[in-house]
Amino acid sequence: KLCEGILNILEKDTKTSCQVACLEALRILSRDKKVLVPVTTKRNMQILMKLAKLDTVEDPLETVSEFPVIVEALKCLCNIVFNSSVAQKLSLELNLAGMLCNLLQKCKDRQLVDDIKCFDLRLLFLLSLLHTDIRAQLRQELQGVQVLTQALESSLSVRWTEEYKAAEDRDRLPLSLQETDCAIEALKALFNVTLDSWNVHSKNESHQFRYMAAILRHCLLTTGPTEEKTEELH
């Protein structure tokens, strides 16, 4: 009942501070699988997707004050998808992966969106891990390899000297914590999406995998903010 009450409040146009507080409470409650059973419905998923800006294809990410709401809604969706098989099935029906890929594209070349990008990638990782049909959808329909590789390239701030050769800068500063976390989530999602890619059939696929290999090489030469984070990244 508490979760339903929170979602009913979130469905209304309330202040940003109220939305964030409600989502933070829901995120904590959504760690409990028993609590999730009555609230994992199509309507409730759509409420959270709307708050995460996953229901609009056209609208750009412009209102910075809304960013904390987007991040908290994505965190809630991560918990719900991880803990509920019903949510995993609804995610396919609601085209959640497609919406997440679109949101990732909106994050491109934008400032102050690292947290949004990170939890978007984490949710894509969870969907590709827990639902084989979504993994196939990402690979075949949504150009997931390309989208995720570009997200990884952006997180690592790769500069190119040749088509498949990244610039090597020995004096480069370590990645920030946020950049490292984004890169790690992109790598995890990429692993799932390319897991069954033993046969590369097209010229475009060949290009995509050579491009990805160059970025992965650059990743191995990159350091994170701490020794532990560098090890996790590699």
Under the condition of being in contact (Cβ under 8 Å) with a residue 40 or more places away in the chain and not aliphatic (A, V, I, L, M), which residue from the stretch 15-31 is farthest from LEU94 (Cα to Cα)?
-> THR16
For THR226, are the conditions met, namely being open to solvent by 10 Å² or more (accessible area, probe 1.4 Å) and over 30 Å from SER91 (Cβ atoms)?
-> yes
When you look at ARG172, is it part of a loop (DSSP other than H, G, I, E, B), of a type in the set (Lys, Arg) and either in the same structural domain as CYS107 (by the TED database) or open to solvent by 70 Å² or more (accessible area, probe 1.4 Å) (or both), yes or no?
-> yes
Kindly indicate whether ASP59 is within 26 Å of CYS107 (Cβ to Cβ) and either assigned by the TED database to the domain that holds GLN105 or loosely packed, with under 13 Cβ neighbours inside 10 Å (or both).
-> yes
Flag if ASN79 is touching a residue at least 24 places away in the same chain (Cβ under 8 Å), within 28 Å of LEU156 (Cα to Cα) and polar (S, T, N, Q) = yes
Test: residue in the stretch 13-21 that is basic (Lys, Arg) and surrounded by fewer than 13 Cβ atoms within 10 Å (Cβ to Cβ) | yes
Condition check for LEU123: open to solvent by less than 20 Å² (accessible area, probe 1.4 Å) and in contact (Cβ under 8 Å) with a residue 12 or more places away in the chain = yes
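Yes/no matrix, rows are residues, columns are (1) buried (at least 21 other Cβ atoms within 10 Å of the Cβ); (2) in contact (Cβ under 8 Å) with a residue 12 or more places away in the chain; (3) touching a helix residue (DSSP H, G or I) at 6+ places or on another chain (Cβ under 9 Å); (4) assigned to a helix (DSSP H, G or I):
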residue: LEU92; (1), (2), (3), (4): no, yes, yes, yes
residue: ALA97; (1), (2), (3), (4): yes, yes, yes, yes
residue: SER128; (1), (2), (3), (4): yes, yes, yes, yes
residue: GLN146; (1), (2), (3), (4): no, yes, yes, yes
residue: LEU152; (1), (2), (3), (4): yes, yes, yes, yes
residue: PHE191; (1), (2), (3), (4): no, no, yes, yes
Take GLN88 and decide whether it is in contact with a His (Cβ under 9 Å, 6 or more places away or on another chain), within 23 Å of PHE125 (Cβ to Cβ) and not assigned by the TED database to the domain that holds SER157.
-> yes
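The values are calculated or read from the model by the stated rules, or taken from the named source; none is laboratory data. If you're wondering where the values come from, they're calculated on a predicted model, not measured in any experiment. All Cβ positions, glycine included, derive from the backbone under ideal geometry; neighbour counts span all protein chains shown. Accessible surface is based on the protein model in full, side chains and every heavy atom, while ligands, DNA and RNA are left aside. Shrake-Rupley method; radii C 1.70, N 1.55, O 1.52, S 1.80 Å.
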